[in-house]
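The values are calculated or read from the model by the stated rules, or taken from the named source; none is laboratory data. Note that the structure is a prediction, hence the values are computed from the model and not measured. Here the Cβ positions follow ideal geometry from the backbone for every residue, glycine too, while neighbour counts run over all protein chains shown.
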Amino acid sequence: MRKLLFLSLVIIVFGFVGVFVVGGNFVEPHQRSVGEPPSDLPFETVLIQRGDGKRVAGWFAPGDDDKAGILLLHGIRSDRRGMLGRARFLHDAGYSVLLVDMQAHGETPGEFITFGYRESRDVRAALDYLAARLKGRPIGIVGASMGGAATLLGGSPADADAVILEGVYSSIEDAVGNRIAIRLGEIGYWLAPLLLWQIEPRLGVSLESLAPISAIDGLEAPVMIIGGSEDQRTSVQETHALFARARSPKQLWLVKGAKHQDFHRYSEQAYEKRVLLFFDQHLEQRVK
């Protein structure tokens, strides 16, 4: 009996250690050099001052003088290079584009990934920078996954003129549960609390602060919400729920067959057509 109790205790201890290690991997920074910008766009490298004294690394390419600007926000464990495909077609259409590394990613410093919460400070700093460069012209945002969450979180949604949100989770509870369930099946939803309890002591961020679905009704800009019909990380139900809570004017596009992936790369022609129509409708009218 003593051996059985000892073995059970060892299993429990190792189980908690394992969960703690996994939790650390979830929030570990993804910093790395991104190198020089590609030469096919007139990029300049920028370092944008943030309120806490840190600087956000990015690339800016000016567009036509009478066109709006677009801020492009990458997903988790990516960097500004992940948005280059979008930058190219938007710049070809005349838009100025700003691509940034959010905190703890690429060349922007950060201690932990916070799933959009602290990253929201980078969004606001980037918007201020872009507004100064554009001298009052309107600004749109394309936020992929965590980039979309960062657009919504941080106390209030970002103050942009048109917003596209791609594959944005509804709450951190759903995001963690879905990802564990992909690997372990339904039992993953039961194990999720063992990871979730670590978030506040590790990051200093409450679970309630990581709920884009509770923030999206504060977004005053026109919004297009994009999801993948086969996405297991951000379910179709979550995407529908976000859309239901968003203010009008709003659009919903479920990309048939797509998982949690780069929707532009998956369906390039349809993506470019829809995105340009959306921004032309909601940004170009404001320029004129």
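Only residues that are of a type in the set (Ser, Thr, Tyr) and under 12 Å from Gly154 (Cβ atoms): list them for the stretch 99-143, please. Within the stretch 99-143, Thr114, Tyr117, Ser120 qualify. For Arg88, the conditions (1) surrounded by fewer than 22 Cβ atoms within 10 Å (Cβ to Cβ); (2) under 16 Å from the mean Cα position of the chain (by Cα); (3) on the phi < 0 side of the Ramachandran plot are fulfilled apart from (2).
With Gly94, Gly143 as the choices, which residue is touching a strand residue (DSSP E or B) at 6+ places or on another chain (Cβ under 9 Å) and in contact (Cβ under 8 Å) with a residue 24 or more places away in the chain? Please lay out each step first, then the result.
On the way: Gly94 fails: touching a strand residue (DSSP E or B) at 6+ places or on another chain (Cβ under 9 Å).
From the options Gly94, Gly143, the qualifying one is Gly143.
Residues in the stretch 42-61 that are surrounded by fewer than 18 Cβ atoms within 10 Å (Cβ to Cβ) and under 15 Å from Arg88 (Cβ atoms): Pro42 alone.
In the set (1) modelled with pLDDT of 90 or more; (2) in contact with a Lys or Arg (Cβ under 7 Å, 6 or more places away or on another chain), the condition left unmet by Asn178 is number (1).
For (1) of a type in the set (D, E, K, R); (2) touching an Asp or Glu at 6+ places or on another chain (Cβ under 9 Å), each residue gets a yes or a no:
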{"position": "Ser39", "(1), (2)": "no, no"}
{"position": "Ile48", "(1), (2)": "no, yes"}
{"position": "Asp52", "(1), (2)": "yes, no"}
{"position": "Val56", "(1), (2)": "no, yes"}
{"position": "Leu71", "(1), (2)": "no, no"}
{"position": "His74", "(1), (2)": "no, yes"}
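Inspection of the stretch 125-141 identifies at least one residue that is within 21 Å of Phe263 (Cα to Cα) and buried (at least 19 other Cβ atoms within 10 Å of the Cβ). In the set Ala87, Ala160, Ala131, Ala126, only one residue is at pLDDT 95 or above and either part of a loop (DSSP other than H, G, I, E, B) or in contact with a Ser or Thr (Cβ under 8 Å, 6 or more places away or on another chain) (or both); that residue is Ala160.
Name the single residue that is surrounded by the most Cβ atoms within 10 Å (Cβ to Cβ) among those in the stretch 94-123 being assigned to a loop (DSSP other than H, G, I, E, B) and in contact with an Asp or Glu (Cβ under 6 Å, 6 or more places away or on another chain).
Step one: list which residues in the stretch 94-123 are assigned to a loop (DSSP other than H, G, I, E, B), which gives 94-95, 101-104, 107, 109-118.
Those still in the list that are in contact with an Asp or Glu (Cβ under 6 Å, 6 or more places away or on another chain) too: 94, 101-103, 107.
Working: Gly94: 13, Asp101: 28, Met102: 33, Gln103: 26, Glu107: 19.
Top of the filtered list is Met102.
Taken over the stretch 135-151, residues that are at pLDDT 95 or above and in a loop (DSSP other than H, G, I, E, B) amount to 3.
Residue by residue, here is whether (1) closer than 22 Å to Met83 by Cβ; (2) polar (S, T, N, Q); (3) without any contact (Cβ under 8 Å) to a residue 24 or more places away in the chain holds:
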{"position": "Phe243", "(1), (2), (3)": "no, no, yes"}
{"position": "Ala246", "(1), (2), (3)": "no, no, no"}
{"position": "Pro249", "(1), (2), (3)": "no, no, no"}
{"position": "Gln261", "(1), (2), (3)": "yes, yes, no"}
{"position": "Ala270", "(1), (2), (3)": "yes, no, yes"}
{"position": "Leu283", "(1), (2), (3)": "yes, no, no"}
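Any residue at all in the stretch 171-187 that's touching a Pro at 6+ places or on another chain (Cβ under 8 Å), crowded, with 19+ Cβ neighbours inside 10 Å and over 28 Å from His91 (Cβ atoms)? Looking through the stretch 171-187, none of the residues is touching a Pro at 6+ places or on another chain (Cβ under 8 Å), crowded, with 19+ Cβ neighbours inside 10 Å and over 28 Å from His91 (Cβ atoms).
Tell me, please, whether a residue that is among the small types (Gly, Ala, Ser), under 23 Å from Leu195 (Cβ atoms) and within 11 Å of the chain's Cα centre (by Cα) can be found in the stretch 105-121.
Within the stretch 105-121, the first condition is being among the small types (Gly, Ala, Ser), and the residues that meet it are 106, 110, 116, 120.
Filter once more, keeping what is under 23 Å from Leu195 (Cβ atoms): 110, 116, 120.
Then keep just the ones that are within 11 Å of the chain's Cα centre (by Cα); that gives 116, 120.
Yes, the stretch 105-121 contains a residue that is among the small types (Gly, Ala, Ser), under 23 Å from Leu195 (Cβ atoms) and within 11 Å of the chain's Cα centre (by Cα).
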